[in-house]
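Right, one structure below, let's go through it.
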Amino acid sequence: MGVRIQATGADRAADTHSIVEHSGRAARQCLERAGIRPDQVGVLINTGIFRDSNTVEPAVSALIQKAAGIGLDYTRDDARTFSFDLMNGAVGVLDAVRVAGSVLATGSTGHVLIVAGDTHPSLTRGTADAEFPYATAGAALLLEQVDGPEGFGPVHSARSTGSPAEKAYVDTATMGTVGRSLMTVERDADFEDRILEVASKAARAAIAEAGTDSASLALIASTPTPHFPKRLADALGIDQDAVRTPDLSDGDPHTASLPLAYDRAITEGSLTGYTHVLFVAAGAGPSAAAALYRLPAETTA
């Protein structure tokens, strides 16, 4: 049995910078593509980090759940949807895949919806720059358990010691009365090299366990810099032509990078000829996670 991606959703429309709205739209699109009702989603996991106005409470997952129209009725016999935030930076989506697999294995629900995305807390911008290197975008993955061999393999994790390589925080010493619209991001000079090291370690563990030929792999990785996925491909001995990325014209979509890249690849039909996708998420910590995803036969044909 495996856990596979039933459908994807994405939203990067320029009419809003709210990550709640972007993620809600991506979730709705995902359910529409899958042809399932909102009440069939048993669990919603939000992995986004940078949120509207630096919201702390309530959980942003609940706001996204409302925006997506999931679980809005409360009569006695209505289905219940449980939602929560799972925040681990760029690694969050693969952490959520691991959690989703455990949830689906219980048989308590047939579908788990993962949403991801980030925005500048001021809600005044959607394009990355040197000060805030993350683009605004929302993405969604709908997961289901299947009897066949397709789907995610084990998620392998790796961490390194020392400083976190990059960090983001609200500077309470200087924020004054505008702390809800500010975020300070700092990166070490060697942050990309250190993230690449842990990403390579996690990826090699995933490849070694599966024993998969690298020629059959497409690579989807985090995009802390535009060329990071291709640097990772070189480190792993994967052909650079096998790299699939999201649209990076506005910068790094951070937590949404993996689902956006997969959504783009499926939309463009660019996974034909590959049997697996190697998903690698890496970021602050430095930390990384990797998992091989065996593509359904209809995707590879």
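Computed from the coordinates by the stated procedures, all read-outs in this text should not be read as laboratory data. What you are looking at is a predicted structure, and each value in this text was computed from that prediction instead of being measured. Reconstructed Cβ throughout: ideal geometry from the backbone, glycine too, with neighbour counts over all protein chains shown.
Quick look at the values:
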quantity: 5 angstrom amide H check on residue 137, placed H, neighbours 5+ away; calculated: 118
quantity: Square roots of five times the Cα gyration tensor eigenvalues for the stretch 216-275, Å; calculated: 17, 15, 8
quantity: Cα-centre dipole for the stretch 2-150 with unit charges at Cβ (Lys and Arg positive, Asp and Glu negative), debye to 20; calculated: 120 debye
quantity: Packing-based ranking, highest mean first, of 178-186, 133-141 given that Cβ atoms within 10 Å are counted; calculated: 133-141, 178-186
quantity: Pairs of Cα atoms farther than 28 Å apart, the chain, %; calculated: 34 percent
quantity: Using a Förster distance of 41 Å, the FRET efficiency for residue 53-residue 161 (Cβ separation, nearest 0.05); calculated: 0.75
quantity: Contour minus Cα-Cα distance for residue 208 and residue 173 (0.36 nm per residue); calculated: 7.9 nm
quantity: Nearest-20 debye value, the chain charge dipole, Cβ charges on Lys, Arg, Asp, Glu; calculated: 400 debye
quantity: Choice from 192, 131, 150 showing the highest fluctuation, given a GNM over the chain with Cα pairs closer than 10 Å; calculated: 131
quantity: Relative packing of peptides 210-216, 231-237, 156-162 - highest average C-beta neighbours within 10 Å first; calculated: 231-237, 156-162, 210-216
quantity: Pairs of alpha carbons in the stretch 2-150 whose separation is greater than 23 Å (percent); calculated: 32 percent
quantity: Neighbourhood net charge (14 Å Cβ-Cβ; Lys/Arg +1, Asp/Glu -1) for residue 296; calculated: -2
quantity: Listed residue (285, 38, 92) projecting farthest to the positive dipole end of the chain, Cβ model; calculated: 38
quantity: Ratio of Rg to Rh over the stretch 243-295 (Cα coordinates, Kirkwood Rh, two decimals); calculated: 0.98
quantity: Additional length obtainable on full extension of the chain from residue 146 to residue 215, 0.36 nm per residue less Cα span; calculated: 22.3 nm
quantity: Sequence-distant residues sharing a close amide H with residue 170 (under 5 Å, placed H); calculated: 184
quantity: Residue 298-residue 13 pseudo-label distance in nm [points 7 Å out on the Cα-to-Cβ vector]; calculated: 2.7 nm
quantity: Given charges at beta-carbon only (K, R positive; D, E negative), |dipole| of the stretch 87-171 in Debye; calculated: 160 debye
quantity: Span-like helix ranges in the chain, DSSP H, alpha carbon extent 18 angstrom or more, Kyte mean at least -1.0; calculated: 19-34, 92-105, 191-210
